[in-house]
1. Leu18 is checked against (1) closer than 19 Å to His86 by Cβ; (2) in contact with a helix residue (DSSP H, G or I) (Cβ under 7 Å, 6 or more places away or on another chain); (3) without any contact (Cβ under 8 Å) to a residue 24 or more places away in the chain; (4) in a helix (DSSP H, G or I) and fails just one. What number does that condition carry?
2. Considering every residue within region 52-67, establish whether at least one is part of a helix (DSSP H, G or I), surrounded by 12 or more Cβ atoms within 10 Å (Cβ to Cβ) and either touching a residue at least 60 places away in the same chain (Cβ under 8 Å) or touching a helix residue (DSSP H, G or I) at 6+ places or on another chain (Cβ under 7 Å) (or both).
3. State all residues of region 25-48 that are in a helix (DSSP H, G or I), in contact with a strand residue (DSSP E or B) (Cβ under 7 Å, 6 or more places away or on another chain) and either farther than 17 Å from His85 by Cα or touching a residue at least 40 places away in the same chain (Cβ under 8 Å) (or both); if no residue qualifies, say none.
4. Somewhere in region 55-74, is a residue closer than 12 Å to Phe4 by Cβ and over 11 Å from the mean Cα position of the chain (by Cα)?
5. Is it the case that Phe80 is in contact with a Ser or Thr (Cβ under 7 Å, 6 or more places away or on another chain), at pLDDT 95 or above and surrounded by 12 or more Cβ atoms within 10 Å (Cβ to Cβ)?
Amino acid sequence: MFDFDLSDELKLIIKKLLKKDRKRVVILNKKIKEIINNDTNTIDRYHNCSYDLNQYKHVHIDKSFILLFKVEKENNFILFAKIGHHDDFFKK
């Protein structure tokens, strides 16, 4: 199991989502719990981002939204950084 923290940007987005879209916050919380309960071997099943976001991994939290997070295996730590629409992160 990993230790974790949320970035200030993500905390602000979650605060706004609590007012507008509580269902997405519930999905996000479940996904965060799923991710932090992995071990150092199984965490690699999440996809790495490419190009400018190559230090992050990503996971879909519903159909079009993605959660970006950074894994530090040597410190057993995950930083959940951003949430946003797929098209905003992966423009063609």
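The values are calculated or read from the model by the stated rules, or taken from the named source; none is laboratory data. Remember, predicted model here, so these are calculated numbers, not experimental data. Methodologically, a virtual Cβ is constructed for each residue, glycine included, from the backbone with ideal geometry; neighbour enumeration extends over all protein chains shown.
1. Condition not satisfied by Leu18: (1).
2. Kept after step one, since they are part of a helix (DSSP H, G or I), are these residues of region 52-67: 52-53.
From what is left, the residues that are surrounded by 12 or more Cβ atoms within 10 Å (Cβ to Cβ) are 53.
In the following step, the residues that additionally are either touching a residue at least 60 places away in the same chain (Cβ under 8 Å) or touching a helix residue (DSSP H, G or I) at 6+ places or on another chain (Cβ under 7 Å) (or both) were identified as 53.
Yes, the conditions are met somewhere in region 52-67.
3. Leu28, Ile32, Ile35, Ile36, Ile43
4. Checked against the condition, which is being closer than 12 Å to Phe4 by Cβ and over 11 Å from the mean Cα position of the chain (by Cα), region 55-74 yields at least one hit.
5. Details: in contact with a Ser or Thr (Cβ under 7 Å, 6 or more places away or on another chain): yes; at pLDDT 95 or above: yes; surrounded by 12 or more Cβ atoms within 10 Å (Cβ to Cβ): yes.
Criteria met by Phe80.
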